[in-house]
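The values are calculated or read from the model by the stated rules, or taken from the named source; none is laboratory data. Small disclaimer: the values here were computed from a predicted structure and weren't measured. In this analysis, Cβ positions are derived from the backbone assuming ideal geometry, glycine residues included, and neighbour counts consider all displayed protein chains.
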């Protein structure tokens with residue numbers, strides 16, 4: 001039997017489930033719905049922007065996907081597993097809007113970035129040589145290796161945002177959810193983030209970004225989900241830049257935020273491939 005015949009006889013692998021599946025999601029604050037019946041699938045390897053005006057529910061939807069705020073109704077699955085039973089958190093890298101102000105002894109930049117590996121390591125185990133190398137690569141990626149011994153509270157707001165991005169990278173997940181990663185970050189660092197996301201996408205990572213505007217990430221965004229009053233008003237190609245729309249005479253969709261210098265060289269970023 002030829003190799004071609006054997007290949008034809010071999011059963012096809014089962015389809016890969018979406019990285020994120022949301023069905024009829026409702027989230028309410030003080031009995032007021034903020035997210036209203038949202039349904040969407042985000043396939044593995046997609047780079048998706050979640051856009052919309054103030055109060056549209058963008059950040060709330062992202063937090064609901066992660067289980068940080070409870071659903072009033074509906075369901076969320078991560079990589080084919082219902083959220084309530086999902087345990088593979090090493091696969092998820094979350095970048096919040098801002099660094100939480102913690103008490104006690106101020107952590108160094110390197111310590112905060114290394115904390116992104118907690119879900120990957122066994123309990124009480126020490127970091128391996130590979131773990132330490134991943135932290136160094138993540139710091140290099142965001143241009144903060146020279147600040148690794150400094151207290152994170154000595155950094156500017158934009159630098160702290162880059163620390164959060166490095167923390168997510170250091171865990172080597174295959175799915176990233178980023179809430180306003182460009183907020184308060186200078187133009188050079190925004191381009192560094194764009195280069196980072198391009199590298200992650202090239203490795204097959206899934207990236208979901210809540211954004212104020214597309215900026216330098218625009219060429220990387222394959223799909224935009226635009227929320228309006230908690231519902232999906234658009235799901236498809238990203239809104240076109242203002243200049244192009246103005247020339248064509250089309251209405252421009254300009255998303256706004258819910259709320260409130262990088263290294264040019266990009267180290268290798270290892271993301272586990274998922275077959």
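Points to keep in mind about this one:
- Members of the range 77-92 that are in a strand (DSSP E or B) and farther than 25 Å from residue 203 by Cα: 82
- Among (1) at pLDDT 90 or above; (2) in contact with a strand residue (DSSP E or B) (Cβ under 9 Å, 6 or more places away or on another chain); (3) closer than 22 Å to residue 58 by Cα - the single one residue 182 does not satisfy: (1)
Listed here are the residues, each with its yes/no results for (1) touching a strand residue (DSSP E or B) at 6+ places or on another chain (Cβ under 7 Å); (2) under 22 Å from residue 184 (Cα atoms); (3) part of a strand (DSSP E or B).
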{"position": "33", "(1), (2), (3)": "yes, no, yes"}
{"position": "54", "(1), (2), (3)": "no, yes, no"}
{"position": "64", "(1), (2), (3)": "yes, no, no"}
{"position": "68", "(1), (2), (3)": "no, no, no"}
{"position": "97", "(1), (2), (3)": "yes, yes, no"}
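- Options 78, 62, 83, 71; residue that is modelled with pLDDT of 95 or more, farther than 14 Å from residue 176 by Cβ and crowded, with 19+ Cβ neighbours inside 10 Å: 71
- Residues of the range 200-219 that turn out to be touching a helix residue (DSSP H, G or I) at 6+ places or on another chain (Cβ under 6 Å), surrounded by 20 or more Cβ atoms within 10 Å (Cβ to Cβ) and under 20 Å from residue 141 (Cβ atoms), as a count: 2
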